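Trainee: Before we start, here is the structure in question, set down as structure tokens.
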Amino acid sequence: MRKRKTDDTGPLREEWPRIRAVTVKGVDYYQVDGRPAFKRKAFTTLDAARKQADKWENSRTRYGTAGRYISERDASRVAQAFDLLQPHGADIVDAARHYAAHLEAEKLRSSSKPTADALKEWVASYDGKDRDENTKREVASKAGIFARAFGQLKLGDVNADKLIAWIEAYEAEPGKLASPQTRANLRTKLSQFLNFSKLKGWIENNPLEGLKIERPPRAAVSIFDVKQVARIIEAADKSASREIVLPYAAVCLFAGLRPNSEAEALRWQDINFSTGDIHVRAETSKTREERFVPMEGNLIAWLESCLVRTPGAIIGKSYMRFRDAWEEVKRTAGYKVGTVPEKGWPALAQDWPADAMRHTYASMWLATHKSRAELAERMGNSETTIKSHYRRAIREDVAKAFWAIMPKAKTGGKIIRLEGAA
């Protein structure tokens, strides 16, 4: 119905809700404009229009400033909401905020990134960075494990309950639950991935954030005895791939370099026979700091016995060749490494203890020199770490026998040949 204004001086009521005189098809009305809370209403008398305006004005007074946007129908719903919340002692505003947050979370969840794609970007984030190859391999390995478990889901559907249930049921091999340490490591890496996703804005919160990671008690440090060390170094000395496995075994056992990063990345040009030390470069060190490790007499002797030294990594150019050769050395020394033989492992074969070469060096060195502070410098650790890891007492005569493990024949005055060198 078309309306037109009368020729007056303006609204009869200026404040909300306004009252204006209008003429529709020749009939004069008084229109009350309660928008946006109420539709406009027309009355034939000014008194009736003012009563309606006062009623709407009172509703704003009753419901506060926001009341001007609450219709009578909405006011009825508010009353119903109060009745629903009253048994729970809940506030209607808190309830509204909670529901609004729920709607936002559902919106984010429904539009969230596929977990498989997020994992690929997590792995890619390590490319080109100043990270050691061991860290990159670990991230790629864990990403593959997570992708098999959650890759088909969107990130928003990966909640704490699903993650914890999966970690607790994770099997290292079919029918065998993973160790507590393995499960703790999985949880740590999962949390790192979820923090990465949070920084990218793909999820609002890390579902594992704030949940305490229960780590198993620290196991006693495993070390090799002198006879075991002798068997390992002898197996490397007699290996068909002696030129790549012997120097590796020597720097792990007699200098305490970290096997998977520092020793594998060590180059012949990092070994200085003139100054008698090994340069551990920052890019290969776990702490990202360079250090110089003084060489003991037996280490120098074993390294000097390597008459052929190809410039570059001491493990050679092919990591796969080195890995296979090193596994063969460990098997020859009496350890269960690689595929089980058809006839099974020998009766006296043992499991290879993790980090035992580095731990053996630290324990033997400490028994001889007594200085945790100097040992910490050599190993690239804090003194606190040295104190917590290496409390095992080693007799001085045992340590003396360890440092006396030497090659049967020394190079004497022979000229050392460097392949590829000028």
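Bear in mind these aren't lab numbers, they're just calculated from the coordinates by the rules spelled out. Just so we're clear, the structure is a prediction, and the values are computed from it rather than from any experiment. A quick note on method: Cβ atoms are made from the backbone with ideal geometry, for glycine too, and the neighbour counts reach across all protein chains shown.
Trainee: Would you mind checking which residues have amide H under 5 Å from residue 337's amide H? H placed 1.01 Å from N; only 5 or more apart, or other chain.
Mentor: The answer is none.
Trainee: Related question: Report the gain in length on full extension from residue 126 to residue 385: 0.36 nm times residue separation, minus Cα-Cα distance, nm rounded to one decimal.
Mentor: Going from the current span to full extension adds 90.5 nm.
Trainee: Given R₀ = 60 Å, FRET efficiency for residue 268-residue 172 by Cβ-Cβ distance, to 0.05?
Mentor: 0.95
Trainee: Could you derive backbone 3J(HN,Hα) for the range 345-358 from the dihedral phi with the Karplus parameters 6.51, -1.76 and 1.60 (θ = phi - 60°), listing whole Hz in sequence and x where the residue is Gly or Pro?
Mentor: 6, x, 4, 8, 5, 10, 6, 6, x, 4, 6, 5, 5, 5
Trainee: On to the next question. Given points 7 Å out from each Cα along the Cα-Cβ axis, report the residue 83 to residue 101 separation in nanometres with one decimal.
Mentor: 2.8
Trainee: Using unit Cβ charges (K, R positive; D, E negative) and no other charged atoms, how large, in debye to the nearest 20, is the dipole of the range 304-393 about its Cα centre?
Mentor: Values: 15 positive and 10 negative charges, 24 e Å.
The calculated dipole for the range 304-393 is roughly 120 debye.
Trainee: Contour minus end-to-end for residue 161 and residue 369, with contour as 0.36 nm per residue of separation and end-to-end as the Cα-Cα distance?
Mentor: Full extension from residue 161 to residue 369 adds 69.8 nm.
Trainee: List the residues whose amide H sits under 5 Å from the amide H of residue 113, counting only those 5 or more places along or on another chain, with H placed 1.01 Å from N in the peptide plane.
Mentor: 155, 156
Trainee: From the phi of every residue in the range 38-55, what ³J(HN,Hα) in whole Hz does the Karplus formula 6.51 cos²θ - 1.76 cosθ + 1.60 yield, where θ is phi - 60° and glycine or proline is x?
Mentor: Computed from phi, the couplings for the range 38-55 are 10, 6, 5, 10, 10, 10, 7, 10, 5, 4, 5, 5, 5, 4, 5, 4, 5, 4 Hz.
Trainee: Suppose R0 equals 22 Å. What FRET efficiency, 1/(1 + (r/R0)^6) with r the Cβ-Cβ distance, do residue 153 and residue 188 give to the nearest 0.05?
Mentor: Calculated transfer efficiency: 0.60.
Trainee: Computed over the Cα atoms of the range 241-294, what is the ratio Rg over Rh, Rh following Kirkwood?
Mentor: 0.94
Trainee: Arrange the following residues from fewest to most other Cβ atoms within 10 Å of their Cβ: 252, 306.
Mentor: Going from least to most buried by this count: 306, 252.
Trainee: To continue, here is another question. Please list the non-local residues whose amide H lies under 5 Å from the amide H of residue 24, H modeled 1.01 Å from N, same-chain partners needing a gap of 5 or more.
Mentor: 29
Trainee: If you don't mind, another one. For the pair residue 117/residue 321, report the inter-label distance in nm, with labels modelled 7 Å from Cα in the Cβ direction.
Mentor: If labels sit at residue 117 and residue 321, their model points lie 4.3 nm apart.
Trainee: Which FRET efficiency value, to the nearest 0.05, do you get for residue 25 and residue 58 by plugging their Cβ-Cβ distance into 1/(1 + (r/R0)^6) with R0 = 25 Å?
Mentor: 0.20
Trainee: Below 12 angstrom from the Cβ of residue 143, what's the summed charge of the other residues (Lys, Arg +1; Asp, Glu -1)?
Mentor: Within the 12 Å Cβ shell, the charges total +3.
Trainee: Another question about this same structure. Please order 359, 279 by the number of other Cβ within 10 Å, starting at the fewest.
Mentor: Going from sparsest to densest Cβ surroundings: 279, 359.
Trainee: Further question: Please compute the length gained on full extension between residue 40 and residue 145, using 0.36 nm multiplied by the number of residues separating them and subtracting their Cα-Cα distance.
Mentor: 31.4 nm
Trainee: In a solvent-free Debye calculation with one equal scatterer on each Cα, what is log10 I(q)/I(0) for the range 226-403 at q = 0.09, 0.19 Å⁻¹, listed in the order of the q values?
Mentor: -0.31, -1.37
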